[in-house]
């Protein structure tokens with residue numbers, strides 16, 4: 001299950017470091033990325049000796065909790081159409097260039113089956129909200145996609 005999409009400059013894996021547990025998540029990049037690793041000892045030293053760094057990670061943890069609560073509510077109450085549209089919007093770049101995303105990843109983010117995600121994408125294409133060509137999805141009507149009702 002895909003639980004988050006990270007942007008440039010985001011920290012990942014810090015929850016397990018703070019809990020002093022083994023890593024429980026895996027991460028994949030969908031485009032070229034530069035990853036920086038911080039050794040556990042250095043991270044803990046920085047966290048314990050610098051109150052501003054500790055405060056930053058407390059804020060990140062709080063944000064994670066709020067986002068997880070919001071995502072659970074959306075899974076429980078939003079329609080599949082709304083969840084697929086929001087998943088597409090999460091992958092949209094500012095320039096709205098066609099995006100290459102696997103149907104499996106899109107279904108995972110939307111919290112639905114692969115078959116349902118494919119059917120919903122087909123509906124969106126018929127409604128001229130998106131276009132699909134050579135496996136890439138282009139958003140045609142971003143405003144209407146954002147305003148989809150439950």
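A short reminder: the numbers here are calculations on the coordinates, not readings from a lab. These numbers were taken from a predicted model, which means no experiment stands behind them. Cβ sites come from the backbone with ideal geometry, for glycine too, and all protein chains shown count toward neighbours.
The three principal axes of the Cα atoms in the range 79-146 give end-to-end lengths of 28, 21, 19 Å, sorted in falling order. The simple Förster model, with R0 at 41 Å and r as the Cβ-Cβ distance, assigns residue 123 and residue 63 a FRET efficiency of 0.80.
From its DSSP helices (H runs of at least four residues, each -39,500 (n - 2.57)), the chain gives a residue-normalised ellipticity at 222 nm of -16500 deg cm²/dmol. A crude spin-label estimate for the pair residue 82 and residue 8, with each label 7 Å from Cα along the Cβ direction, gives 3.3 nm.
If you count, for each residue, the other Cβ atoms within 10 Å and average over each peptide, how do 118-128, 104-114 line up from highest to lowest?
104-114, 118-128
A simple packing score, the average count of other Cβ atoms within 10 Å per residue, orders the peptides 47-55, 34-42 as 47-55, 34-42, with the highest score first.
In plain terms, the residue of 3, 15 with the fewest other Cβ atoms within 10 Å comes first and the most crowded comes last, giving 3, 15. Each part gets one Cα centre, and for the range 1-47 versus the range 72-143 those centres are 26 Å apart.
Computed over the range 1-74, the range of Cα coordinates on each principal axis works out to 38, 30, 23 Å, biggest value leading.
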